[in-house]
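Accompanying notes for the structure given below.
The values are calculated or read from the model by the stated rules, or taken from the named source; none is laboratory data. Please read all numbers here as calculations on a predicted model, not as lab measurements. Quick reminder, even Gly has a Cβ in these numbers, built from the backbone with ideal geometry, and neighbours come from all protein chains shown. What goes into the accessible areas is simple: the full protein's heavy atoms, side chains included, and nothing from ligands, DNA or RNA. Shrake-Rupley method; radii C 1.70, N 1.55, O 1.52, S 1.80 Å.
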Amino acid sequence: MMAIVTGDIVNSGQYSSAAWLPALKEVLSEKGQQPEAWDIYRGDEFQFKTTVNQALEEAILIKSVIKSYKNLDVRMAIGIGDESYSGGRITEANGTAYQHSGRLLEELKSGKQTLAIRSGLKEKDEVCNLLLRLALSFMDEWTTVSAETIAWTLRNPGASQQQMAESFNIQQSAVSQRQKRARTDLVIDLLVFYKETFKELI
């Protein structure tokens, strides 16, 4: 079992792609080689393959990186399943993971939700998507500072508040306030719940 994440940048027209594209590529390049493991197409759409275990964390990292730019956001569909065909490009590959992700993204485009999961396991999907909708009530509202706080936290697991303070050149007390405003504790709890929910597929 694997995960495919398909997404597109929301409000991409407000910036030249030169502003946000390097940051997106930096994150995606960690997934492997382009275009086998990830690709960007149609200007502001992208797709990457990852493990079931890391899919949600990597999607939230991308959301936090993109929301570090004012008024930008990203819409993503996580598809969990198999890969029945692997071409030279990820966009040519096929399998249930690709089908779940592609179809789900089209559904998200017609609604207002910016992140969802589909594995074909109805009860697990319903619970996780309910929690995602609740979490998006604050994640969609992250300021650039809150987004930067989450991005740094996910990229530096186990780091202390003092280390974050030194990285941002701010007081440790300010780090605590930033983490509270970003709801960092709830993001971490959501990731733990997700991994526990899909652990038999990992």
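Each Lys or Arg adds one and each Asp or Glu subtracts one; over the other residues with Cβ under 13 Å from the Cβ of Arg133, this totals -2. For the chain, the dipole from Cβ point charges (+1 on Lys and Arg, -1 on Asp and Glu) about the Cα centre works out to 420 debye, to the nearest 20.
Mind pulling up the Rg/Rh value for the chain? Radius of gyration and Kirkwood radius, both on Cα. Using only Cα positions, Rg/Rh for the chain is 0.96. Within the stretch 126-202, all pairs of alpha-carbon atoms sorted by distance into 5 Å bins from zero give the percentages 3, 14, 24, 22, 16, 11, 6, 3, 0.
Among residues other than Lys195 with Cβ under 13 Å from its Cβ, the summed charge is -3 (Lys and Arg +1, Asp and Glu -1).
Excluding His100 itself, what net charge comes from residues whose Cβ is under 15 Å from its Cβ, given Lys and Arg +1 and Asp and Glu -1? Around His100, the surrounding residues sum to -1.
In the context of the full set of protein chains, the chain has a per residue accessible area of 49 Å² (1.4 Å probe). Taking the longest Cα principal axis of the chain as reference, the axis of helix 17-28 is set at about 80 degrees. Relative to the longest principal axis of the Cα atoms of the chain, helix 172-182 runs at roughly 40 degrees. Listed values for the stretch 140-147 are Karplus-derived 3J(HN,Hα) couplings in whole Hz (6.51 cos²θ - 1.76 cosθ + 1.60, θ = phi - 60°), namely 5, 9, 3, 6, 4, 5, 5, 4, and x replaces Gly and Pro. Centre-to-centre, using Cα atoms only, the stretch 85-144 and the stretch 1-62 are separated by 13 Å. Overall, the accessible surface of the chain at a probe of 1.4 angstrom is composed of carbon and sulfur to the extent of 48 percent.
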